[in-house]
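The values are calculated or read from the model by the stated rules, or taken from the named source; none is laboratory data. Bear in mind the structure is a predicted one, so any value in this text is a computation, not a measurement. We place every Cβ from the backbone using ideal geometry, glycine too, and count neighbours over all the protein chains shown. The accessibility values were calculated without ligands, DNA or RNA, using every heavy atom of the protein model including side chains. Shrake-Rupley method; radii C 1.70, N 1.55, O 1.52, S 1.80 Å.
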Amino acid sequence: MNERVTAEDVQALPAGQKLELSLKDDTVFYFDYRKPIDFARVEMTAGDHKFTMEQHIGDLQNVDYGTSVPVDLTDSPDNQFRISSNPANFGQLTADEVEVLKREGYFYKELSSDQAKAQTTGENCTYGTCEVCGPPPGAESCNWSPSSPCVCTYELHEWCD
């Protein structure tokens with residue numbers, strides 16, 4: 001099941017109320033931020049853990065990715081990112097790549113410009129996807145079970161010279 005989340009969804013809520021979403025195996029949440037979303041008002045539940053999307057975005061931005069491509073969910077050329085508790089739901093990785101992602105917690109894959117379908121903003125552009133899976137904010141671990149699901153995030157990247 002796919003569920004789109006937009007700024008309008010959050011703005012339609014009464015003042016002080018949060019948009020409450022629950023990660024389940026068969027759901028992918030598409031965050032479309034062409035209009036800015038107040039991520040502090042989006043609350044996710046993963047197993048026994050609750051966290052805001054603002055916390056999740058901040059946690060991913062603060063990871064030391066070393067020489068790997070960093071994840072910034074607020075800077076995608078298609079102005080969206082996806083979240084699921086099952087990385088296979090993204091439909092972008094092979095079964096072997098999903099296993100690497102589950103084991104390593106991070107997977108970067110370069111795409112051709114045809115696959116990326118993003119607008120080119122310069123020359124010599126590189127397109128890729130970044131997938132990150134790990135425990136939700138506030139949890140120290142996850143084990144892919146319904147009671148301790150991992151939070152998986154998918155994002156499209158674009159770099160141009």
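Computed over region 20-74, relative contact order equals 27 percent, with contacts defined as Cα pairs under 8 Å that lie 6+ residues apart.
In the context of the full set of protein chains, residues of the chain present 54 Å² of accessible surface per residue (probe radius 1.4 Å, heavy atoms only). Of the beta bridges in region 1-141, as assigned by DSSP with both residues counted there, near 65 percent are antiparallel.
What is the sum of charges, Lys and Arg at +1 and Asp and Glu at -1, for the other residues whose Cβ falls under 11 Å from the Cβ of E8?
Numbers: positive: R4, R34, K35; negative: D9, D32.
That works out to +1.
Taking 0.36 nm per residue of sequence separation and subtracting the Cα-Cα distance, how much length would be gained by fully extending the chain between N79 and S147, in nm to one decimal?
On the way: separation 68, 0.36 × 68 = 24.48 nm, distance 3.09 nm.
Extra length from N79 to S147 when fully extended: 21.4 nm.
Take the solvent-accessible surface of the protein heavy atoms, probe 1.4 Å, and return the percent of it on region 9-74 that carbon and sulfur atoms account for. Numbers along the way, then the final one.
On the way: 1710 of 3720 Å².
Heavy-atom surface of region 9-74 belonging to carbon and sulfur, 1.4 Å probe: 46 percent.
Listed by chain and number, the lysines whose C-alpha is less than 29 Å from the C-alpha of K35, apart from same-chain residues fewer than 8 away, are K18, K24, K50, K109, K117. For region 17-153, the relative contact order comes to 27 percent (Cα pairs under 8 Å, sequence separation of at least 6).
Across the chain, the longest run free of exposed loop sites, meaning GluC sites (Glu not before Pro) lying outside DSSP classes H, G, I, E and B with no more than 13 other Cβ atoms within 10 Å, spans 1-122. When cysteine pairs in the chain are screened for C-beta atoms closer than 4.7 angstrom, the residues that find no partner are C130.
Dividing the Cα radius of gyration of the chain by its Kirkwood radius returns 0.95 for Rg/Rh.
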